[in-house]
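Bear in mind these aren't lab numbers, they're just calculated from the coordinates by the rules spelled out. Small disclaimer: the values here were computed from a predicted structure and weren't measured. Glycine also receives a Cβ, built like all others from the backbone with ideal geometry; neighbour counts cover every protein chain displayed.
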Amino acid sequence: MRSLLTAAVICVLPVFYPVQAQQLQSVNDVTGARSWSRTHAGVYFSLTQILPEQGDAFYVNRGFSLEQIRPFTTSCVYMTVLRNDSAPGIVHFVRGNWSISVDGEPREFKTVDQWVKKLTAAEAGKPALIAFRWAQFPPEQEYEPGGDWNQGMLSVGLPAGQVFDITARWDLRGQSFEATLTGVECAK
Amino acid sequence: MQSKSPARALQILLLCFLWASALQAQDLPPLTHKLTPIRTPSVAPDLIFHNMDEEKVDLKDYRGKVVVVNFWATWCPPCRREMGSMERLYQATRDSNVEILAVNIGEDLDTVFSFLGTVEPSPTFPLLFDTDAVSMKQWKVKGLPTTYIVDSEGRLAYRAIGGREFDHPAIRKAITALGQ
């Protein structure tokens, strides 16, 4: 009877508290863009490739020239989603605490402010810069449980085809959490 | 655009369309339907911008009504997706002392006007223009879309970060209850 109860608890526990659920991958049938996602401790985290041509199209329509925006759109950019589905409290993150690594070696990636400075120096127009700034994944945010979320662009600054791991970190009631997506690939 | 080749421009437009279509079909996270009550309601920051008729609109003039203040842009996928549900909410709550002010960030009238034709149902509530994105700091908006519900006494009552289905019964109930 005791072993039956233990087995039942082991089976049911992940349903209520998915400690580190399986990483999922998918490919968009139309664009060929690949996505990686994972849910950890009630927080959903995903990256979807934004192909350089897609980024060009988006930003040229916002007022950038190709010459201005190409350094960004070719820097391995992802549509990033973080969502507090069912964490037991407010999720707070600072994007500066996230990390990427290639073959276990840490790599730096530019902040939103650094990109805005670079594009300002390239004499991009004000409406284009406003669109750029607010299309990026937020540098810091707080999500209430039950569905607060953001979707925004994230540049990891790696070359086409590079495979890497990325770890998102957040805190909740003073406790630190992290979710890692492994084997993420920059669009070729 | 410094690259003036018509073929290149056409290619970019086509890619943009294909990308938008693809995003509609796949990769889209679900819109959620929960508003977060603000634990210590404070008076809403100032909000004074021009509308599509270039008339000045001041949030303070809506005192006595519940106001949904939505910050958005046409290039923001979840903003686009939630816009139709906001219009349905508007139509359903017009007699319940509820108003909607959607503040566009950084775009011009022509861009927004072109976008309106793509939304079903097309918004009939006031659209305001914050061309310099000055409201983002005042309203502590860190990402688009962000929505606040302001109660009839001008205090922040609810907040929603990220896209919502605004005509969901749970949201409609919370908003109409504020107006009673």
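If you sort the three axes of the alpha carbon gyration tensor as a ≥ b ≥ c, you get a/c of 1.5 or more for the protein assembly as shown and a/b no higher than b/c, which makes it oblate.
Remark: spin-label model distance A:Lys118-B:Thr124 equals 4.7 nm, labels positioned 7 Å along the Cα→Cβ axis. Compared with the dominant principal axis of the Cα atoms in chain A, helix A:112-121 is inclined by about 10°. A DSSP coil position with no more than 15 other Cβ atoms inside 10 Å describes the following GluC sites (Glu not before Pro) in the range B:93-180: B:Glu153.
Rounded, prolate or oblate: which one fits chain A, using the alpha carbon gyration tensor with axes a ≥ b ≥ c (rounded when a/c is under 1.5, else prolate when a/b beats b/c, else oblate)? Prolate. With neighbours defined as other Cβ atoms within 10 Å of a residue's Cβ, the residues B:Ile171, B:Ile48 order from fewest to most as B:Ile48, B:Ile171.
Placing dummy labels 7 Å off each Cα toward the beta-carbon, the span from A:Val94 to A:Glu185 is 3.5 nm.
Taking GluC sites (Glu not before Pro) that fall in a DSSP loop and have at most 11 other Cβ atoms within 10 Å as cut points, what is the longest piece of chain A between them? Kindly include the intermediate steps, with their values, before the conclusion.
Values: sites that count: A:Glu108, A:Glu123.
In chain A, the maximal stretch lacking such sites is A:1-107.
Need one number: % antiparallel among DSSP beta bridges in the protein assembly as shown, to the nearest 5.
Looking only at bridges with both residues in the protein assembly as shown, the antiparallel portion is about 85 percent.
Once the Cα atoms are used to define both axes, helix A:2-16 deviates from the longest principal axis of chain A by about 20 degrees.
How far, in nm, would the chain grow between B:Gln138 and B:Glu55 when pulled straight, counting 0.36 nm per residue and subtracting the alpha carbon separation?
On the way: separation 83, 0.36 × 83 = 29.88 nm, distance 2.15 nm.
Separation in residues times 0.36 nm, less the Cα-Cα distance, equals 27.7 nm.
Between A:Ser101 and B:Ser114, the distance separating the two model label sites (each 7 Å from Cα on the Cα→Cβ line) works out to 4.6 nm. Each DSSP beta bridge with both residues in the range A:70-188 is either parallel or antiparallel, and the antiparallel ones are about 95%. Taking chain A as the reference, fit the longest principal axis to its C-alpha atoms, fit the long axis of helix A:126-135 to the helix C-alpha atoms, and give the angle between the two in degrees, 0 to 90, nearest 10. Value to nearest ten degrees: 20.
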